[in-house]
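J.: Below is the structure I would like to discuss, written out as structure tokens.
The values are calculated or read from the model by the stated rules, or taken from the named source; none is laboratory data. Just so we're clear, the structure is a prediction, and the values are computed from it rather than from any experiment. Ideal geometry is used to build each Cβ from the backbone, glycine not excepted, and the neighbour counts take in all protein chains shown. Surface accessibility is based on the protein's heavy atoms, side chains included, excluding ligands, DNA and RNA. Shrake-Rupley method; radii C 1.70, N 1.55, O 1.52, S 1.80 Å.
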Amino acid sequence: ARRFFSYCIHFGEAKYEYSDYMIPLLPLAFEALKLTVEEGSETTEPDTVAKRALEAEVVKGYRFTIAEVSVSSVISYGGVKGQSDITRVLDTMEVTAKHDTWQVRHACANFLRCFQGSHKFLFAEAHAEKITTIVAGLLADERREVSSAAMAAVTGIISAMPSEMVAKLVDKYAIQANRSKMKGKKSKKGSVQPTESLSEAEVEEKKSKEQKRARAQQSSVFFLCATVLSQPYDTPPYIPKALAAISKHSFERNAPLGIRDTVKKCCAEYKKTHMSDNWEIHRKVFTQEQLEALEDVISSPHYYC
């Protein structure tokens, strides 16, 4: 199957091979990244060790093939067929992004990043919205490798979007980030119902709500961080809004460690790229409140470079 992919990429005619063979075979390529030997298994049986080594080679080969497809195979024939094929690829990636195996989801995020870079001038508005939705969904992934890859993909996608569309997305995710902050524990006795007094159903409901809040917080904050990183030289009006929104998640009472670290690194990167040269020009875009919010992160004792 890998050799067939390679033939289609290097010797085939994109209008036919991509549409008729490569798109239908994409799920097979991603499924090949799924390991059958459990991770962390310390067995030293010769058969298991040999199988693990063989699987590693297969996975490595298919990763390379998927990367080749995302970068080298451009749907440049356009027209109705081209637009339809882009939609087919995104439909496949929408399903792949929900795969049970994190390695497959990780590969999906990397594929979408490269696919968008190769096709951004061929995307219709619906394609841009769909790929943004798929990658934004991966931002909340429980595996750090997946969410980091998705954040890099979002950075590339946003940099190719019209400013008006990005501004609307920033407003949307800023509201979501503000609503999803961790709730501070009340100190008064009796103000919080003890878990022991709750029924099993109520405990499960409370746990489900907390998981939903945590996912919303991670996806919104990571999206806003990606927005800031997508503009390494300019400061459009939506960047101060994004920085002010994520600054509230840099403190222990509002966010877990992983989110706090991402926010601090994002603000540190903004400081490095914008606050050395031409800062007087950039700061004119900020309100006083937004400047103070940024200073709270980059000047506080917990800030690090």
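J.: Once both axes come from the Cα atoms, what is the angle between helix 257-274 and the longest principal axis of the chain, in degrees from 0 to 90, rounded to 10?
T.: 90
J.: Given the pairs LYS181/LYS212; LYS183/LYS265; LYS130/LYS172; LYS181/LYS207, which are separated by over 21 angstrom at their Cα positions?
T.: Numbers: LYS181/LYS212 12 Å; LYS183/LYS265 24 Å; LYS130/LYS172 16 Å; LYS181/LYS207 16 Å.
As for pairs spanning more than 21 Å Cα to Cα, those are LYS183/LYS265.
J.: Something else about it: Keeping every protein chain present and rolling a 1.4 Å probe, give me the accessible area per residue for the chain in Å².
T.: On the way: 17170 Å² over 305 residues.
Dividing the accessible area of the chain by its residue count gives 56 Å².
J.: Charges only on Cβ, +1 for Lys and Arg, -1 for Asp and Glu: so what's the dipole of the stretch 99-148 about the Cα centre, in debye to the nearest 20?
T.: It comes to approximately 140 debye.
J.: Carbon and sulfur: what percent of the chain's accessible surface (1.4 Å probe)? All intermediate terms of the calculation are to be shown ahead of the outcome.
T.: On the way: 9160 of 17170 Å².
Of the solvent-accessible surface of the chain, carbon and sulfur hold 53 percent.
J.: Can I ask one more? Could you give the alpha-carbon Rg of the chain over 2.2 N^0.38 Å, rounded to two decimals? Display every interim value, and only then the final one.
T.: Working: Rg = 22.5 Å, N = 305, 2.2 N^0.38 = 19.3 Å.
For the chain, the normalised Cα radius of gyration comes out at 1.16.
J.: Another one. Using a 1.4 Å probe, how large is the accessible area of VAL203, given in Å² and rounded to the nearest 10?
T.: 50
J.: Between the stretch 76-127 and the stretch 46-69, how far is it from one alpha carbon centroid to the other, in angstrom?
T.: 23
J.: Which ³J(HN,Hα) values, rounded to whole Hz and listed in residue order, are derived for the stretch 16-32 from phi using the Karplus coefficients 6.51, -1.76 and 1.60 in 6.51 cos²θ - 1.76 cosθ + 1.60 with θ = phi - 60°, glycine and proline given as x?
T.: 9, 4, 4, 6, 8, 10, 5, 5, x, 8, 4, x, 5, 4, 6, 5, 5
J.: Right, something else. Tell me the mean residue ellipticity at 222 nm calculated for the chain from its helices only (DSSP H runs of n ≥ 4, each -39500 (n - 2.57), averaged over every residue, nearest 500).
T.: On the way: 14 runs with 206 residues, N = 305.
Rounded to the nearest 500, it is -22000 deg cm²/dmol.
J.: Any chance you could give the angle, 0 to 90 degrees and rounded to 10, that helix 79-96 forms with the longest Cα principal axis of the chain?
T.: 70
J.: With the contact rule set at Cα under 8 Å and sequence spacing of 6 or more, what percent relative contact order holds for the chain? Show your work: numbers first, answer last.
T.: Numbers: 324 pairs, mean separation 41.4, N = 305.
Worked out over the chain, it gives 14 percent.
J.: Rounded to whole Å and sorted largest first, what semi-axes of the equivalent ellipsoid does the C-alpha gyration tensor of the stretch 90-142 yield via the square root of 5 times each eigenvalue? Walk me through the numbers on the way to the answer.
T.: Numbers: eigenvalues 76, 23, 16 Å².
The equivalent ellipsoid of the stretch 90-142 has semi-axes of 20, 11, 9 Å.
J.: Quick one: compute the contact order of the stretch 119-168, relative version, from alpha carbon pairs under 8 angstrom and 6+ residues apart, as a percent.
T.: Result for the stretch 119-168 is 31 percent.
J.: Output needed for the stretch 191-279: three equivalent-ellipsoid semi-axes, defined as square roots of 5 times the C-alpha gyration tensor eigenvalues, in descending order, whole Å.
T.: Working: eigenvalues 261, 28, 17 Å².
Value: 36, 12, 9 Å, ordered largest first.
J.: So how strong a dipole does the chain carry about its Cα centre when Lys and Arg Cβ are +1 and Asp and Glu Cβ are -1, to the nearest 20 debye?
T.: Working: 42 positive and 39 negative charges, 205 e Å.
The calculation lands at about 980 debye.
J.: Using 0.36 nm per residue of separation minus the Cα-Cα distance, give me the extension gain between PHE121 and LYS212 in nm, one decimal.
T.: Details: separation 91, 0.36 × 91 = 32.76 nm, distance 3.51 nm.
Going from the current span to full extension adds 29.2 nm.
J.: Here is a further query. Lysines within cross-link reach of LYS60: Cα-Cα under 22 Å, excluding same-chain residues under 8 positions apart?
T.: Straight-line reach from LYS60, under 22 Å: LYS34, LYS51, LYS98.
J.: Related question: If you plug each phi of the stretch 221-226 into the Karplus form 6.51 cos²θ - 1.76 cosθ + 1.60 with θ = phi - 60°, what whole-Hz ³J(HN,Hα) values come out, in order, with x for Gly and Pro?
T.: Ordered by residue, 3J(HN,Hα) equals 5, 5, 5, 5, 5, 4 Hz.
J.: Here's a follow-up. On a 0 to 90° scale, report how tilted helix 238-247 is relative to the longest principal axis of the chain, with both axes built from alpha carbons and the result rounded to the nearest 10.
T.: Approximately 70 degrees, to the nearest ten.
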